[in-house]
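Engineer: My questions will all concern the structure given below.
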């Protein structure tokens, strides 16, 4: 959505371009030519050169985008305020305020904007919606856990999201019970059939489309000519190192700050800081990805030069497929490494996961057969002066 400046190379007189406005109607793209006598109303004039018009369109589109984002944020904030205004006997305002200030946001309670935009607040809002729906005293949470599981299934939540919200429900339950001098037993995360029915509901919903399909080296190579070089390089790093998008972006920072190259046991190793792991001490947030294959070692010079840039998701969807996002390379990394004979526990470490289960359940391509591979296919590389 926004203005587009389209060159008219066969037009000899000035201005040799036209201005269009792109909109979407019913999911379909529509480009409408703006009549020249109307240009001034849209912030353009006929004396502008092609480059000046492009710069003006870029500025107007950026301003419009910012305005849309601000309006959307206002609507969201109003919805949150409306939710909080709903009277609920199981969410006493005084107790909620105490819980937030003394437990959830202790230390940062004086920074309301930071709290409002935090992941913890997002999960806490979801937890409060659950509490309003189930209408149970915290002392009964563990006995009536099925009411919570039914809510998760009905609202098609993913298992990972369920586990995050459950932690907050248990913290709230413990806090309330302590205030009332009551015993509290925490709810366990769903297991067995309960876990499966919740997972199935999420899998069958439209929400699963947000998860990226894996991107393989062959897929990227076929589309290489369609990408700008720096975008192609970014995706190549993603595929061969399995990094999160923000971790690849951080490789643009000075070497030694958020990333580094070290040598260990004859391998060149990419050392990466994982800003996502804020629950760990800073010195434990680093992960190490050794260059086991020539494709990885060949990328080290590119990383040092900084010749890469994250592509837009719509660009990836257009040139690869609709199911692939910036996480595609990371999603395909597990199977790429397994096919090359790298043990799963090593792959899990390279991805920066805290458990092998996380790697196996979330990042393995379930639609691909796993065959026993000779581990000798892993080529040990000596330092080559990189």
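The values are calculated or read from the model by the stated rules, or taken from the named source; none is laboratory data. Fair warning: this is a prediction, and the values are worked out from it, not measured in the lab. Backbone-built Cβ (ideal geometry, glycine too); neighbour counts: all protein chains shown.
Engineer: Quick check: is even one residue across the stretch 219-229 at pLDDT 95 or above and under 19 Å from residue 88 (Cβ atoms)?
Structural biologist: no
Engineer: Return yes when residue 322 is out of contact with any helix residue (DSSP H, G or I) (no Cβ under 6 Å at 6 or more places or on another chain) and free of Cβ contacts under 8 Å to residues at least 12 places away in the same chain and no when it is not. Write out each step before concluding.
Structural biologist: Details: out of contact with any helix residue (DSSP H, G or I) (no Cβ under 6 Å at 6 or more places or on another chain): yes; free of Cβ contacts under 8 Å to residues at least 12 places away in the same chain: yes.
In short, yes.
Engineer: Return a yes/no flag: does the stretch 208-221 have any residue that is without any contact (Cβ under 8 Å) to a residue 60 or more places away in the chain, more than 30 Å from residue 151 (Cβ to Cβ) and in a helix (DSSP H, G or I).
Structural biologist: Yes, because at least one residue in the stretch 208-221 is without any contact (Cβ under 8 Å) to a residue 60 or more places away in the chain, more than 30 Å from residue 151 (Cβ to Cβ) and in a helix (DSSP H, G or I).
Engineer: I would also like to ask the following. Looking at 254, 186, which one is at pLDDT 95 or above, outside any helix (DSSP H, G or I) and surrounded by fewer than 18 Cβ atoms within 10 Å (Cβ to Cβ)? Give the derivation first.
Structural biologist: Values: 254 fails: at pLDDT 95 or above.
Within the list 254, 186, the selection yields 186.
Engineer: A further question on this structure: Using the structure shown, decide if residue 235 is crowded, with 16+ Cβ neighbours inside 10 Å, in a loop (DSSP other than H, G, I, E, B) and under 19 Å from the mean Cα position of the chain (by Cα).
Structural biologist: So residue 235 fails the test.
Engineer: Hey, another quick one. Could you please let me know if residue 306 is at pLDDT below 90, over 22 Å from residue 335 (Cβ atoms) and over 18 Å from the mean Cα position of the chain (by Cα)? Please lay out each step first, then the result.
Structural biologist: Numbers: at pLDDT below 90: no; over 22 Å from residue 335 (Cβ atoms): yes; over 18 Å from the mean Cα position of the chain (by Cα): yes.
For residue 306, the condition - at pLDDT below 90, over 22 Å from residue 335 (Cβ atoms) and over 18 Å from the mean Cα position of the chain (by Cα) - is not met.
Engineer: Same structure, new question: Determine whether residue 100 is surrounded by 13 or more Cβ atoms within 10 Å (Cβ to Cβ), closer than 21 Å to residue 119 by Cα and at pLDDT 75 or above.
Structural biologist: Working: surrounded by 13 or more Cβ atoms within 10 Å (Cβ to Cβ): yes; closer than 21 Å to residue 119 by Cα: yes; at pLDDT 75 or above: yes.
So residue 100 fits the description; yes.
Engineer: Right, another one. Please state which one of 170, 181 is free of Cβ contacts under 8 Å to residues at least 40 places away in the same chain and either in a helix (DSSP H, G or I) or surrounded by 15 or more Cβ atoms within 10 Å (Cβ to Cβ) (or both). Steps first, please.
Structural biologist: Numbers: 181 fails: either in a helix (DSSP H, G or I) or surrounded by 15 or more Cβ atoms within 10 Å (Cβ to Cβ) (or both).
Matching residue, one of 170, 181: 170.
Engineer: May I ask you to list the residues in the stretch 223-232 that are surrounded by fewer than 19 Cβ atoms within 10 Å (Cβ to Cβ) and assigned to a loop (DSSP other than H, G, I, E, B)? Lay out the reasoning, then the answer.
Structural biologist: Step one: list which residues in the stretch 223-232 are surrounded by fewer than 19 Cβ atoms within 10 Å (Cβ to Cβ), which gives 223-226, 228-231.
Those that are surrounded by fewer than 19 Cβ atoms within 10 Å (Cβ to Cβ) and assigned to a loop (DSSP other than H, G, I, E, B): 223, 228.
Engineer: Next up: Quick one: residue 335 ticks every box in (1) over 18 Å from the mean Cα position of the chain (by Cα); (2) more than 25 Å from residue 218 (Cβ to Cβ) bar one, so which box is it?
Structural biologist: For residue 335, the exception is condition (2).
Engineer: So which residues in the stretch 191-212 are under 15 Å from residue 155 (Cα atoms) and modelled with pLDDT under 75, if there are any at all?
Structural biologist: Step one: of the stretch 191-212, the residues under 15 Å from residue 155 (Cα atoms) are 194-208.
Within the stretch 191-212, 206, 207, 208 meet the criteria.
Engineer: Just checking, which of 262, 269 is surrounded by 12 or more Cβ atoms within 10 Å (Cβ to Cβ), without any contact (Cβ under 8 Å) to a residue 40 or more places away in the chain and farther than 30 Å from residue 225 by Cβ? Working first, answer last.
Structural biologist: On the way: 262 fails: surrounded by 12 or more Cβ atoms within 10 Å (Cβ to Cβ).
Being surrounded by 12 or more Cβ atoms within 10 Å (Cβ to Cβ), without any contact (Cβ under 8 Å) to a residue 40 or more places away in the chain and farther than 30 Å from residue 225 by Cβ holds for just one of 262, 269, which is 269.
Engineer: When the stretch 257-275 is examined, which residues are found to be within 24 Å of the chain's Cα centre (by Cα), closer than 15 Å to residue 350 by Cβ and at pLDDT below 90? Step through it out loud before you land on a result.
Structural biologist: Of the residues in the stretch 257-275, the ones within 24 Å of the chain's Cα centre (by Cα) are 257-260, 270-275.
Those still in the list that are closer than 15 Å to residue 350 by Cβ too: 259, 270-274.
Result: 274, single match.
Engineer: Now, a different point. Looking at the stretch 291-316 only, could you name the residues that are surrounded by 15 or more Cβ atoms within 10 Å (Cβ to Cβ) and either closer than 30 Å to residue 1 by Cα or without any contact (Cβ under 8 Å) to a residue 60 or more places away in the chain (or both)?
Structural biologist: 296, 308, 309, 310, 311, 313, 315, 316
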